[in-house]
1. Among the residues of segment 125-141, is there at least one that is crowded, with 20+ Cβ neighbours inside 10 Å, in contact with a strand residue (DSSP E or B) (Cβ under 6 Å, 6 or more places away or on another chain) and part of a loop (DSSP other than H, G, I, E, B)?
2. Output the residue which, of all residues in segment 146-174 that are among the polar types (S, T, N, Q) and within 17 Å of the chain's Cα centre (by Cα), is surrounded by the most Cβ atoms within 10 Å (Cβ to Cβ).
3. Search segment 49-94 for residues being acidic (D, E) and more than 24 Å from T143 (Cβ to Cβ), and hand back the single one that is surrounded by the fewest Cβ atoms within 10 Å (Cβ to Cβ).
4. Kindly indicate whether D121 is touching a residue at least 60 places away in the same chain (Cβ under 8 Å), over 15 Å from V107 (Cα atoms) and either surrounded by 14 or more Cβ atoms within 10 Å (Cβ to Cβ) or of a type outside the set (G, A, S) (or both).
5. As an exercise: evaluate E112 against (1) out of contact with any Gly (no Cβ under 9 Å at 6 or more places or on another chain); (2) under 21 Å from G158 (Cα atoms) and give the number of the one condition it does not meet.
6. Yes or no: segment 23-41 includes at least one residue that is in contact with a Ser or Thr (Cβ under 7 Å, 6 or more places away or on another chain), crowded, with 16+ Cβ neighbours inside 10 Å and under 22 Å from A55 (Cα atoms).
7. Only one of these is under 19 Å from D13 (Cα atoms), in contact with a Cys (Cβ under 9 Å, 6 or more places away or on another chain) and among the polar types (S, T, N, Q): N65, N99. Name it.
Amino acid sequence: MRGKTWKFSGLLDVDWEICSYLLVRELADSGPVTEERLAPHCLVNVDPEFPTKVARGDFVVAGPNMGYGHDHDHASMALKGAGVAAVICESSAPYFLRNSIDHGLPVIEIPEVMSWVDQGDDLEINLAGGTVTNHSKDGGVRTFTPLPDFILETLRAGGTYPLIRSQLASRDQA
């Protein structure tokens with residue numbers, strides 16, 4: 001994966017900074033809450049223009065405890081719907097990490113990533129190899145624990161539910 005960096009400092013709570021839970025409740029009154037419906041509201045409390053500036057395949061870079069807060073999965077859905085290909089952070093909240101993988105959004109933890117990456121940097125991620133290359137900084141590389149095969153399979157499928165649907169379809173055809 002290769003994309004541009006969108007860097008956000010400070011605490012990014014799932015119910016406020018990433019995507020307002022009050023908005024999610026309002027959206028639910030008028031139909032299913034989907035990635036597409038959440039996308040225009042992604043990170044607007046931090047950068048009101050983010051949904052119009054981010055390009056499909058870009059990365060969000062954040063500090064410690066990314067996705068702090070409740071176990072609501074709408075934050076992961078909003079990020080993915082906005083086109084974010086992966087989140088790179090110093091650390092993540094466990095619920096956010098799990099929900100992101102369930103929705104097919106990789107979360108990579110790299111200590112001190114905030115001091116290594118600048119807004120707009122050109123990054124390349126190798127999930128299986130456990131590397132992030134910063135092409136804007138003379139090809140500097142940082143490593144992380146490579147993702148296990150079962151998580152890579154889940155991410156390739158687009159998340160847990162698409163993976164299960166695919167497995168069931170394969171089983172039914174056999």
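Laboratory data are not the source of any read-out in this text; all were calculated from the coordinates shown. Source: prediction; values computed, not measured. In this analysis, Cβ positions are derived from the backbone assuming ideal geometry, glycine residues included, and neighbour counts consider all displayed protein chains.
1. No, because not a single residue in segment 125-141 is crowded, with 20+ Cβ neighbours inside 10 Å, in contact with a strand residue (DSSP E or B) (Cβ under 6 Å, 6 or more places away or on another chain) and part of a loop (DSSP other than H, G, I, E, B).
2. T154
3. E49
4. It is true that D121 is touching a residue at least 60 places away in the same chain (Cβ under 8 Å), over 15 Å from V107 (Cα atoms) and either surrounded by 14 or more Cβ atoms within 10 Å (Cβ to Cβ) or of a type outside the set (G, A, S) (or both).
5. Tallying (1) out of contact with any Gly (no Cβ under 9 Å at 6 or more places or on another chain); (2) under 21 Å from G158 (Cα atoms), E112 fails exactly one: (2).
6. yes
7. Within the list N65, N99, the selection yields N65.
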